[in-house]
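Pasting a structure below so you can have a look.
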């Protein structure tokens, strides 16, 4: 079983991010289970969304402390903490940031200027989809094609078109950096 944690603030789309990624995995023939965790229900409060996926049905329902993958939508949540601390050995984190975070102990922390990319394409900060596209380029467990199929179920019309472009841009950013 593989696990993903999405770090964001309430209102930044973390739950949608985990759900869309989960749907993409289901479309790839996996079982997936996405769920949120948040404290005070107020806009801007730190929160997490979690995703587990496997070839077999998933029975665990507890929070994830260390994950195989992390998606950090808001890097201000890691001012005094290293995103790598949220990863298992060999884990990968994609962070919406222009600041580089250290990668060590077999853990990769990749910074992606997701807000800058989304502002150029969409004219507004939609970092989540850029980060998901980047994750698809970094890990063979995820597919940009399946992510696009999942977004077709979640986003209507022009919003779908923008999100497909954002995911492609995040994917391309990683390919250029490699």
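Every number here is computed from the coordinates shown, using simple stated rules; none is lab data. Quick caveat: nothing in here was measured; it's all calculated off a predicted structure. Reconstructed Cβ throughout: ideal geometry from the backbone, glycine too, with neighbour counts over all protein chains shown.
Using a simple spin-label model with points 7 Å from Cα along the Cα→Cβ vector, what separation in nm is obtained for residue 26 and residue 63?
My value for the distance between the label points is 2.6 nm.
Add -39500 (n - 2.57) for each DSSP H run of 4 or more in the chain, then divide by its residues: what number comes out at 222 nm, to the nearest 500 deg cm²/dmol?
Details: 5 runs with 67 residues, N = 178.
It comes out at -12000 deg cm²/dmol, rounded to the nearest 500.
Considering all projection directions equally, how large on average is the shadow of the alpha-carbon convex hull of the stretch 2-177, in square nanometres?
On the way: hull surface 38.7 nm².
Taking the Cα atoms of the stretch 2-177, their convex hull projects to 9.7 nm² on average.
As a test, work out the antiparallel percent of DSSP beta bridges whose residues both lie in the chain, rounded to the nearest 5. Intermediate values should be presented prior to the final figure.
Values: 16 of 30 bridges.
Antiparallel bridges: around 55 percent, rounded to the nearest 5.
In nm, to one decimal, how far is the modelled label at residue 98 from the one at residue 178, with both set 7 Å along Cα→Cβ?
Using points 7 Å along Cα→Cβ, the separation is 2.6 nm.
OK, next. Binned at 5 Å from 0, what are the whole-percent values of the Cα-Cα distance distribution for the stretch 86-178, short to long?
Computed distribution, short to long bins: 3, 15, 24, 24, 18, 10, 5, 1, 0.
How far is it, in nm, from the label point at residue 79 to the one at residue 154 when both lie 7 Å from their Cα along the line to the Cβ?
Between residue 79 and residue 154, the label points sit 2.9 nm apart.
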